[in-house]
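Colleague: If you scroll down you'll find the structure; I have some questions about it.
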Amino acid sequence: MNRKFLLLFSILIIAIGITGILVGYGDDKKETTRLAQQNNEKKVTILLAQAIRDLPSDTLLDKTDYAIKKIAVDESSDLIKSDISDIININSYLLKTNVVTGSYITKDMLVPPDSDEFIHLNLQKDHMIYKFDIKQQEDYLLNTLRIGDTISLQLRTLETDKKKGMGNGIVINTKKMSGISNKNYSLNDIISSMKVVRIKKHSAAELSEQNRNNQKNNEEIKGYIYVVMKTKDLDLIRLVENSGDIFLMPSYNIRDNTKHNNLYEIIPKLRTTRELRG
């Protein structure tokens, strides 16, 4: 009886050992196969934008907000979800969510500045979007302004009689100002700050098409700018648009006392000459 038991026990031990060897061999083979597959997996190069400080939602991104990293990863890497390679530049993009320092900024967090969503996210109550066509005289704005900058609306008028003028001594005249001697033009700040939310500069092909369609229009439209302004300011635009020459200008610092409002402040000698002539 004891011999049979010992024989069966020995056979059981041997079977367990063989099974363990076979299982271990199978696991080793699987691990070897997995490592071989990893070594053979294709590498891809991705671009990552990593926040260098806490960024709240509605932030208009600037190059000081993030650092760009270019790395090579496996095709199966989770980092591919954060790849922004197909976006040329994320400056001026709007953040939809909060991003903490060190986190990656992903495409689904971003709103492009040329989208309708971007414009609507910039709107507050009692504000509206207004489009300004940009002509040759102001086309420098298309090259110098960035999304998020502010511009002002200025009205150039002709000062004819300070005693009869408005509170600032200006009489508004029509654009046909020729034939008037001793002219003194003044610049009046109508809307001091409007946020730029879209800038479009027409391509050469678009300008050519525009010229074909609008041959009667002598003033070529170089592009346009969308701004956010208060709804009530639309009344101001309608009041002054035919009262003088309208200009868009980058907003200036109010503390900058070098700004001049009329021609005599720029060239004081003209005032002296006019006074001498009576």
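Bear in mind that the values in this text are calculations on the coordinates, not laboratory data. Please read all numbers here as calculations on a predicted model, not as lab measurements. Because the Cβ atoms are built from the backbone with ideal geometry, glycine has one as well, and the counts that use them run over all protein chains shown.
Colleague: Of all the Cα-Cα pairs you can form in the stretch 43-111, what percent are over 17 Å apart?
Modeller: 35
Colleague: Still on this model: So which of LYS69/LYS222; LYS63/LYS195; LYS63/LYS96; LYS43/LYS200 end up more than 28 Å apart, counting from Cα to Cα?
Modeller: Among LYS69/LYS222; LYS63/LYS195; LYS63/LYS96; LYS43/LYS200, the Cα-Cα distance tops 28 Å for LYS69/LYS222; LYS43/LYS200.
Colleague: Still on this structure, please answer the following. Given H placed on each backbone N at 1.01 Å, which residues far from ASP54 in sequence or on other chains put an amide H within less than 5 Å of it?
Modeller: Amide H to amide H, under 5 Å and 5 or more residues apart or across chains, ASP54 pairs with THR101.
Colleague: R0 = 35 Å: FRET efficiency of SER251 with VAL100, Cβ-based, nearest 0.05?
Modeller: E(calc), rounded to 0.05, equals 0.60.
Colleague: How charged is the neighbourhood of LYS43? Take every other residue with its Cβ under 12 Å from the Cβ of LYS43, and add Lys/Arg as +1 and Asp/Glu as -1.
Modeller: Local net charge: -2.
Colleague: Hey, can you rank 70-78, 239-247 by average C-beta count inside 10 Å, highest first?
Modeller: Result, highest mean Cβ count within 10 Å first: 239-247, 70-78.
Colleague: Give me the Kirkwood hydrodynamic radius of the stretch 45-163 in Å, from all C-alpha pairs, to one decimal place?
Modeller: Answer for the stretch 45-163: a Kirkwood hydrodynamic radius of 17.2 Å.
Colleague: Under the Karplus relation 6.51 cos²θ - 1.76 cosθ + 1.60, θ = phi - 60°, what is the ordered set of whole-Hz ³J(HN,Hα) values for the stretch 89-105, x standing for Gly and Pro?
Modeller: 7, 8, 4, 6, 6, 9, 7, 8, 10, 6, 10, 8, 4, x, 7, 8, 8
Colleague: Still on this model: What is the local net charge at LEU141, summed over the other residues whose Cβ is closer than 12 Å to its Cβ (Lys, Arg +1; Asp, Glu -1)?
Modeller: That sum, taken over residues with Cβ under 12 Å, equals +1.
Colleague: If you take the beta carbon distance between ARG146 and ALA205 as r and set R0 to 25 Å, what does 1/(1 + (r/R0)^6) give as a FRET efficiency, to the nearest 0.05?
Modeller: Once rounded, the FRET efficiency stands at 0.55.
Colleague: I would also like to ask the following. Find out how many positive minus negative residues lie around SER77, taking Lys and Arg as positive, Asp and Glu as negative, among other residues whose Cβ is under 10 Å from that of SER77.
Modeller: With Lys, Arg at +1 and Asp, Glu at -1, the net is -3.
Colleague: May I ask you to derive the relative contact order of the stretch 43-111, considering only C-alpha pairs under 8 Å and at least 6 residues apart, and to give it as an integer percent?
Modeller: 46 percent.
Colleague: Suppose each label sits 7 Å from its Cα in the direction of the beta carbon; what would the LYS69-ASP235 distance come out to in nanometres?
Modeller: 5.5
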